[in-house]
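The block underneath contains the structure these notes are about, expressed in structure tokens.
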Ligand code: GTP
Ligand code: MG
């Protein structure tokens, strides 16, 4: 008997996979996810049911309707909650305990585990505090950034203001496994051939359309020296496409990429590349990755594997479909109607245009004329170019744009924020500069846990 996958049937029926899964759950059909297979007769039954529903013959019963409600709230309850805490550059153990509602004595004991003897009034720096609160399930964010944010971060977006946004995808993998070539195949351009030494030197961003939907790609460098950049790539990304060359298999940076993605809680789609090569062995890649918890669907896992040849441009459409599918399941949303917040992906001083930066907008809509601040750089958006170099007037969530109008070159990784006017932007930037200077002066090595580890 032939089988059909959930997402394939959803496509056939013209409904979302999520909707189909919810219907199947209503019918008590035992499925794991969108990649699960359905028997032919079950698929037929669903098709009949849906066409009846569409025809209005079979409205939902009250029982069915009410059965859907608790599931939603249950989902919400089960969503992992990130406990965030905002901390100043320096904080005493006592104050830290108050902020995260943990008895200071527990904090002191934990610090002792790290080999650090402190009393309740001792102050530790932000980096140390961040590591410490992490032990108690908190994610720390530095206060300066938030003060500088003009209360934007504190102002939570209301659920009704959130609208779907495109997925931001980062392509990761070992050196030479074909990340850039794959992106070229996706963008149908030829960046790899023109790159110095064929190694990607920065995070580039690009935007493509597939079936009327936008996908944003960040190309991250594969060389070991760029590990830090790659780590950042994972923070702004919704999905990681892990490129593994089928002739080479899992390599150190493949594992590194898996760890980055896992640490950031980002779903991974595996692109098994170079399948055109005579010595390609995609099954070996599956076996190797299974050891790292990436288990293909046909082996009972839920990781999507797609065989591609970036060189011959095969499997690309399927890969894009899978990206859209994973994005749909993630229900990515953002508020388009607020002052924009974004991340500086890369920045440079351009001879003719002055400081320019690639910004990935995360919330709100960035517009020409907006007053902006990013670290100690500020200004007014003078002009914006999209990923194809076309002038644009605005950019919404998930959209990468090249921005001109900064007072100086911002740092990659800086948060870009729109503020009320240029005067305010300048004041915030100057304050940020001051804080940086102070930090350099007061930096006391003895409070760094990393250094302590070195000594032990
Ligand atoms: P770094 O940026 O240096 O980490 O490399 P990368 O992962 O971006 O690899 P890149 O795209 O530069 O490709 C490395 C080499 O593999 C190039 O010579 C490509 O032509 C080749 N290559 C990439 N994809 C394929 C493929 O599908 N088949 C074959 N046969 N060769 C490929
Ligand atoms: Mg590359």
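Each value in this text was obtained by applying a stated rule to the coordinates, not by laboratory testing. Remember, predicted model here, so these are calculated numbers, not experimental data. Backbone-built Cβ (ideal geometry, glycine too); neighbour counts: all protein chains shown.
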### Query
Say R0 is 45 Å: what FRET efficiency, to the nearest 0.05, do residue 393 and residue 259 get from their beta-carbon distance?
0.65
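Can you give the Rg to Rh ratio of segment 332-425, both from alpha-carbon atoms, with Rh computed by the Kirkwood formula?
Numbers: Rg = 11.7 Å, Rh = 12.6 Å.
Checking Rg against Rh, the ratio lands at 0.93.
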### Message
Along the Cα→Cβ direction, 7 angstrom out, place labels at residue 158 and residue 12. What is the inter-label distance in nm?
### Response
4.3
### Message
Quick check: pseudo-label points 7 Å beyond the Cα along Cα→Cβ at residue 45 and residue 277, how many nm apart are they?
### Response
4.6
### Model label zone, residue 188; criterion: amide N under 17 Å from point 7 Å along Cα-to-beta-carbon; scope segment 305-330
310-321
### Query
Is the shape of segment 236-331 rounded, prolate or oblate, going by the alpha carbon gyration tensor and its root eigenvalues a ≥ b ≥ c, with a/c under 1.5 for rounded and a/b larger than b/c for prolate?
oblate
### Task
First check a/c for segment 342-390, with a ≥ b ≥ c the square roots of the eigenvalues of its C-alpha gyration tensor; if it is under 1.5, answer rounded, and if not, answer prolate when a/b is larger than b/c or oblate otherwise.
rounded
